[in-house]
1. Quick one: which of Leu136, Leu208, Leu225, Leu183 is among the aliphatic types (A, V, I, L, M), open to solvent by 30 Å² or more (accessible area, probe 1.4 Å) and touching a Phe, Trp or Tyr at 6+ places or on another chain (Cβ under 8 Å)?
2. Can you tell me which condition Ala246 does not meet? The list is (1) outside any strand (DSSP E or B); (2) under 22 Å from Thr51 (Cα atoms); (3) hydrophobic (A, V, I, L, M, F, W, C); (4) out of contact with any helix residue (DSSP H, G or I) (no Cβ under 7 Å at 6 or more places or on another chain), and all the others hold.
3. Working only within region 16-36, note down all residues that are open to solvent by less than 40 Å² (accessible area, probe 1.4 Å) and in contact with a Phe, Trp or Tyr (Cβ under 8 Å, 6 or more places away or on another chain).
4. Test of understanding: among Val307, Val315, Val302, which residue is farther than 30 Å from Cys34 by Cβ, free of Cβ contacts under 8 Å to residues at least 60 places away in the same chain, surrounded by 13 or more Cβ atoms within 10 Å (Cβ to Cβ) and not basic (Lys, Arg)?
5. Taking the condition open to solvent by less than 60 Å² (accessible area, probe 1.4 Å) and more than 19 Å from Pro277 (Cα to Cα), does Glu188 pass?
6. For the subset of region 162-180 comprising residues that are in a helix (DSSP H, G or I) and charged (D, E, K, R), which member is most open to solvent (accessible area, probe 1.4 Å)?
7. Would it be correct to say that Ala195 is surrounded by fewer than 20 Cβ atoms within 10 Å (Cβ to Cβ) and either in contact (Cβ under 8 Å) with a residue 12 or more places away in the chain or part of a loop (DSSP other than H, G, I, E, B) (or both)?
8. For region 286-304, check the following and say yes or no: at least one residue is modelled with pLDDT under 95, among the hydroxyl-bearing types (Ser, Thr, Tyr) and not in a helix (DSSP H, G or I).
Amino acid sequence: MRYRNLGGTGIEVSAHCLGTMMFGAVGNPDHAECARILHAALDRGINFVDTADMYSAGESEEIVGKALKGRRDEVVLATKVHFRMGEGRNRSGNSRRWIVRAVEDSLRRLDTEWIDLYQVHRPDHSTDIEETLSVLGDLVRAGKIRAFGCSTFPAEDIVEAHHVAERRALARFRTEQPPYSVLARGIEADVLPVARRYGMGVLTWSPLASGFLSGKYRLGGPVDLTQGRAALTPARFDPAIPGNVAKLEAVERLVELADSIGRTLPELAVAFPVAHPGVTSVIIGPRTMEQLEALVKGADLVLDDAVLDRIDEIVPPGTNLYRPDGVWQPPSLTDLAQRRRPLGDRSAGEAAQSA
């Protein structure tokens, strides 16, 4: 396993990171099997483990904490804060009030005295970024966390956070965790260049593109919209939708490319983000031991220029064939009031009437 410096922190992490979103009720409820998966990953040279407080409502953190007994010092442990945890107000977001509470809850569930990388899971425009950076810096000084980063932040929010940190003499985000795959290359145009400019480490997630690069979904093949991810977001998988047909057509060409080099599609998919100079580590999130074995099998795969050129022909650099699940969208897109003037103020002429 290759190791890389994590965003200038001096912490060395493996080029593959074990993601544990599938540990717990949402994925694999067998705690013992999850522990075996984690130990197998460590035995194969992975020293980087990523979780989040909201994964299975805290269960993932509890599983990781139990599994790391006796091996905690071997691991660079990362978790996240932001999403709602339980009922009531002020139990989510990026405020000082919530982060101070949430980090203690994560430390308890993980059964550890410190977190190596504490990440803000999504932006929160209801909270001043100065407030968030200030409390995270305090947690570093208190020894509860070693470094902190952001996750799925748009490039403009990353830039703003760095400017605020510089102006206010605050500690800054050292990492970003965006989605990145052969089918979702949008971050090549903005997030990755910005992260490199600020010397940030980058942990990418969803290399299998929500399962499209697993080999499970093929052009002309059946798609069960009643199970798994397809049941949760059928519009992303329904083959009757033209956008999904474009994804499946790209998959067919990628399968041919993988076959031509004697590798599987998942191996090709996981090797792709590793090859980008702006990426530090690629998160793999197996649910079973078999999935872990299949994903780490491609760790030795080197994609030469000819293969990368073919990928560029199939999905041009900096473009998305789909919007990855869970990507944050700014209120300027989601809030109609921010995109549409009041009805009486939508025309260029004062006396114009609505149609």
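1. None of the others qualify; the one that does is Leu225.
2. Ala246 satisfies all of (1) outside any strand (DSSP E or B); (2) under 22 Å from Thr51 (Cα atoms); (3) hydrophobic (A, V, I, L, M, F, W, C); (4) out of contact with any helix residue (DSSP H, G or I) (no Cβ under 7 Å at 6 or more places or on another chain) except (2).
3. Scanning region 16-36 gives His16, Cys17, Leu18, Gly19, Thr20, Phe23, Gly24, Cys34.
4. Of Val307, Val315, Val302, the one residue that is farther than 30 Å from Cys34 by Cβ, free of Cβ contacts under 8 Å to residues at least 60 places away in the same chain, surrounded by 13 or more Cβ atoms within 10 Å (Cβ to Cβ) and not basic (Lys, Arg) is Val307.
5. In short, no.
6. The extreme case among them is Arg167.
7. Judged against the criteria, Ala195 is not a match.
8. Checked against the condition, which is being modelled with pLDDT under 95, among the hydroxyl-bearing types (Ser, Thr, Tyr) and not in a helix (DSSP H, G or I), region 286-304 yields no hits at all.
The values are calculated or read from the model by the stated rules, or taken from the named source; none is laboratory data. These numbers come from a predicted model, not from an experiment. When we count neighbours, we look across all protein chains shown, and the Cβ atoms used for this are built from the backbone with ideal geometry, even at glycine. Areas reflect the complete protein model, heavy atoms only, side chains present, ligands, DNA and RNA absent. Shrake-Rupley method; radii C 1.70, N 1.55, O 1.52, S 1.80 Å.
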